[in-house]
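The values are calculated or read from the model by the stated rules, or taken from the named source; none is laboratory data. These figures come from a predicted structure and were not determined experimentally. All Cβ positions, glycine included, derive from the backbone under ideal geometry; neighbour counts span all protein chains shown. SASA here: full protein model, heavy atoms, side chains in, ligands and nucleic acids out. Shrake-Rupley method; radii C 1.70, N 1.55, O 1.52, S 1.80 Å.
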Amino acid sequence: MVQEIYLDNSATTQVDGRVVDYIAQVMRESYGNPSSLYDMGAHSQRLLREAAASVAGLIGGRGENLCFTSGGTESNNWAVFGTAHAKRRRGRRIVTTAFEHSSILEPFKRLGEEGFEPVLVSPDSQGNIAPEDILAQVTPDTILVSFMLVNNEVGSVLDYQAIAARVKEIAPHATVHCDAVQAFGKLPIKIEKTDIDLLSMSGHKIHAPKGIGALYIKKGTRIDPLIYGGAQQGGLRPGTESLPLACGMGYAARLRGERLREDYQAVAALRAYTLERLKELPGIVLNSPENAFPYILNLSVEGIRSETMLHHLERERIYVSSASACTKGAASHVLAAMGLPAGRIDSALRLSFNAGITTEDIDRFIGQLRLGMETLARARS
Amino acid sequence: MKEIILLKAGEIALKGLNRSTFEDRLVKNCKFRLKGIGSFKFTRAQSTMVAEPMDESIDMDDAVDALKTVFGFAGLSQACVVEKELAAIQQAAADYLGEDLRRARTFKVEAKRADKAFPLKSPEICTEVGGYLLSRFPHLQVDVHNPDMTVYVEVRDHAAFVRGPQMPGAGGMPVGSSGKALLLISGGIDSPVAGYMMAKRGLEIEAIHFAAPPYTSEHAKQKVIALCQETGRYAGRIKLHVVGFTKVQEEIRDKCPEEYFTIIMRRYMMKIAERLAQQNGCGALITGESVAQVASQTLYAIGCTDVACQLPVLRPVIGMDKNEIVAVSRRIGTFETSILPYEDCCTVFTPRHPRTKPRLHQVLAAEQALDEEALIAQAMENIETIVTYPQQW
């Protein structure tokens, strides 16, 4: 069987073999509950602190400010609900963008039903959101501004430092939350040098397992817990910590940190190569903005439905993501927010890279894409 | 206290000299469904079958749930087995049915005495057991017309049974006792219901599904497998044949007028299904068609697809409304899987304006462009067969 080419690294990643081994070792040797008073508990507690420090280190933060969660969705839910509920007396206005992940949009919708005033800022047709567009919606009584650092479908990069700094000028009481799930471990972030208060991360996007994520909570930020229980993680996120997964995420973060800049260069070169090769194929339109995050490339294949091309590529073990879902009305909300025509949304594909992908892999992908464009039945426009 | 399950035969009780053939099949089906729950001994006594657990650790509630989905029984009940002595029967009635009796306000006792050597006659048994229960549960009152709870006592040759009311069985005929048929299963709501209904009439079900990769996905195939497993709770093991249909669809799309795509595609499905049915000893095809539900199910369209094959085509839901079909689908537990969104992923092959009143001569003319034999042969060589087993609730 041919080697798979996994071009869907924004959906998830393969767990690094070294991380697998380390997690197994922690499970076997350090199974004590971090809250236990005897030495086994203390040992686990130390491993947990080290893991938190490693994860926080990757975004230039301190381990004591980091809480482990079950993943990006929980981190985002917590940031939104936790902030809104802690600051409800200061105001009702909460601001985000229209192309956020559903783990932000759905909590915003819910808070709207609870009497908050959610405001969604739309991207332009290139998939960009300028800081001014967000800032124009921020009022002095705004309590939360939440935005993605990198969009997961098209790869737009927001100027998070400028946005955060200006939000604090207009609304000193607002909490600034940044969903950095896609950017984490790929872009250099120095959270303590920015005005961001909360930052969401996920383990499985950086070659750690699924089921672990984190929320960075800068000192002094007011946030209510999402769930209640014991005193773990300062009582903010109760429940016995998943030590093996936390350690796995910590180790994966250290490994990412060592290669962050190198990999960024490699992936940028790979993306440039892909763009060059795509020019050979007539009928391809790019949906990603020009200055986008190199790890993500969104394109539409004129006339061929996303799922059809996806399954065609799958037969050659090439894996990409369809930005649109099959049921009508559930098409990509990101591309829809950009105002793209239906035909382009229905035929959109997302490639997401990692540094291990080679130009030969891209050549094979281009070859199969070309074959698909030549042989597959086309949707009627 | 020993528990058994009493199974009341349905229609097969009316069969004549060939009745034992049906009963043998029924016992076999029961044993198949009880695999994984435990082993049971089956004995027959006229229109009742007794399932006796061979092991005390068997969960009888699970067994009852499994047997409720076996076609061939009108009703079933759990009973406790006691010695043929009045005191023992009285004690058992109070202990075994105590919980129900405590909840009831009125009750009555019904007795049946198959063993005429038992010293008390049926009405006397009723009086004695009823009197005892009144003394044990003073809040109860006797109501012989509309009781909240009826206690049944059956005095048999070897023992007496004490039981509460009977639960409805699945009805129908034992699966496999009427032969075998091939179900065209799409992944929607209707076809599993059609399969369920024909299995109820004693047909063993095989299934055929048409897949068109890359226009349909692996998820869609997994969904159909899941539907077979769910339908299998009633129909038993289902052999599923997945036909690679892409080539046929592409040819139709390339060579036939758009408005006939669907009708010609369905005719090919019938032709391929018929050939597969004959290879596998199936005496009929089953579809989930319902008149007028969609363009391909108008009377004209059904007329055009029906003549594509010689075998009888059974359409058990033909006269049912969608909401009636949905109700059955919910009851038999296939609905949630049926509404998973994979099936309709591809609208590439659906005409914008299908003909709702196709005429056969027009369809036949449109089909002329296709090399029928080659297309069918190609599809027949492209079949994957998967045996699916019933999924427990």
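Descriptive notes on the structure:
- Among the residues of region B:205-220, those identified as more than 11 Å from every other protein chain (Cβ to nearest Cβ) and either of a type in the set (S, T, N, Q) or open to solvent by 10 Å² or more (accessible area, probe 1.4 Å) (or both) are B:His209, B:Phe210.
- Here B:Lys239 meets the list (1) open to solvent by 10 Å² or more (accessible area, probe 1.4 Å); (2) farther than 18 Å from B:Gly179 by Cβ; (3) in contact with an Asp or Glu (Cβ under 6 Å, 6 or more places away or on another chain); (4) of a type outside the set (Asp, Glu) almost entirely, failing just condition (2).
- Residue in region B:161-183 that is within 30 Å of A:Glu307 (Cβ to Cβ) and either not assigned by TED's automatic domain parsing to the domain that holds B:Thr48 or not in a loop (DSSP other than H, G, I, E, B) (or both) present: yes
Here is a yes/no grid of residues against (1) over 20 Å from B:Met1 (Cα atoms); (2) touching an Asp or Glu at 6+ places or on another chain (Cβ under 9 Å); (3) among the basic types (Lys, Arg):
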| site | (1), (2), (3) |
| --- | --- |
| B:Asp115 | yes, yes, no |
| B:Cys126 | yes, yes, no |
| B:Gly130 | yes, no, no |
| B:Pro138 | yes, no, no |
| B:Asp143 | yes, no, no |
| B:Val153 | no, yes, no |
| B:Ala159 | no, yes, no |
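- Among the residues here, A:Val55 qualifies as open to solvent by less than 10 Å² (accessible area, probe 1.4 Å), more than 25 Å from A:His173 (Cβ to Cβ), within 16 Å of the chain's Cα centre (by Cα) and at pLDDT 95 or above.
- Considering (1) open to solvent by less than 30 Å² (accessible area, probe 1.4 Å); (2) under 20 Å from the mean Cα position of the chain (by Cα), the lone condition that A:Val167 does not fulfil carries the number (2).
- Qualifying position, being at pLDDT below 90 and surrounded by 15 or more Cβ atoms within 10 Å (Cβ to Cβ), among B:Gly36, B:Gly10, B:Gly16: B:Gly10
- Any pair with Cβ under 6 angstrom, 6 or more apart, that starts in region A:307-323 at a residue that is more than 10 Å from chain B (Cβ to nearest Cβ) and basic (Lys, Arg) and ends at one that is open to solvent by 20 Å² or more (accessible area, probe 1.4 Å) and not in a helix (DSSP H, G or I): A:Arg317/A:Val2; A:Arg317/A:Glu4
- B:Arg266 under 27 Å from B:Thr334 (Cα atoms), open to solvent by 50 Å² or more (accessible area, probe 1.4 Å) and in a helix (DSSP H, G or I): yes
- Residues in region A:344-378 that are modelled with pLDDT under 90 and either away from every other protein chain (no Cβ under 12 Å) or touching a strand residue (DSSP E or B) at 6+ places or on another chain (Cβ under 7 Å) (or both): 0 in all.
- Applying the set (1) within 14 Å of another protein chain (Cβ to nearest Cβ); (2) touching an Asp or Glu at 6+ places or on another chain (Cβ under 8 Å); (3) open to solvent by 50 Å² or more (accessible area, probe 1.4 Å) to A:Ala331 leaves exactly one unmet item: (3).
- Selection status of B:Leu364, away from chain A (no Cβ under 14 Å), surrounded by fewer than 18 Cβ atoms within 10 Å (Cβ to Cβ) and of a type in the set (A, V, I, L, M, F, W, C): yes
- Enumeration of residues in region A:158-184 that are of a type outside the set (A, V, I, L, M) and within 26 Å of A:Gln126 (Cβ to Cβ): A:Asp159, A:Tyr160, A:Gln161, A:Arg166, A:His177, A:Cys178, A:Asp179, A:Gln182, A:Phe184
- Residue within region A:293-304 that is in contact with a Phe, Trp or Tyr (Cβ under 7 Å, 6 or more places away or on another chain), part of a loop (DSSP other than H, G, I, E, B) and either among the hydroxyl-bearing types (Ser, Thr, Tyr) or within 14 Å of chain B (Cβ to nearest Cβ) (or both) present: yes
- Test for A:Ala342: is it farther than 16 Å from A:Asn151 by Cα and open to solvent by 60 Å² or more (accessible area, probe 1.4 Å): yes
- Selection within region B:179-204 - farther than 19 Å from B:Ser290 by Cα and crowded, with 20+ Cβ neighbours inside 10 Å: B:Gly202, B:Leu203, B:Glu204
- For region A:233-243, the tally of residues that are within 20 Å of A:Ala42 (Cβ to Cβ), open to solvent by 30 Å² or more (accessible area, probe 1.4 Å) and either touching a Leu at 6+ places or on another chain (Cβ under 9 Å) or not in a loop (DSSP other than H, G, I, E, B) (or both) stands at 2.
- For region A:1-43, filtered to residues that are among the acidic types (Asp, Glu) and surrounded by 13 or more Cβ atoms within 10 Å (Cβ to Cβ), the residue that is farthest from A:Arg237 (Cα to Cα) is A:Glu4.
- Within region B:156-169, considering residues that are of a type in the set (A, V, I, L, M) and buried (at least 21 other Cβ atoms within 10 Å of the Cβ), the one nearest to B:Pro119 (Cα to Cα): B:Ala160
- Scan of region A:240-256 for residues that are out of contact with any helix residue (DSSP H, G or I) (no Cβ under 6 Å at 6 or more places or on another chain) and small (Gly, Ala, Ser), ordered by number: A:Ser242
- Flag if A:Lys186 is more than 15 Å from A:Leu66 (Cβ to Cβ), surrounded by 22 or more Cβ atoms within 10 Å (Cβ to Cβ) and among the charged types (D, E, K, R): yes
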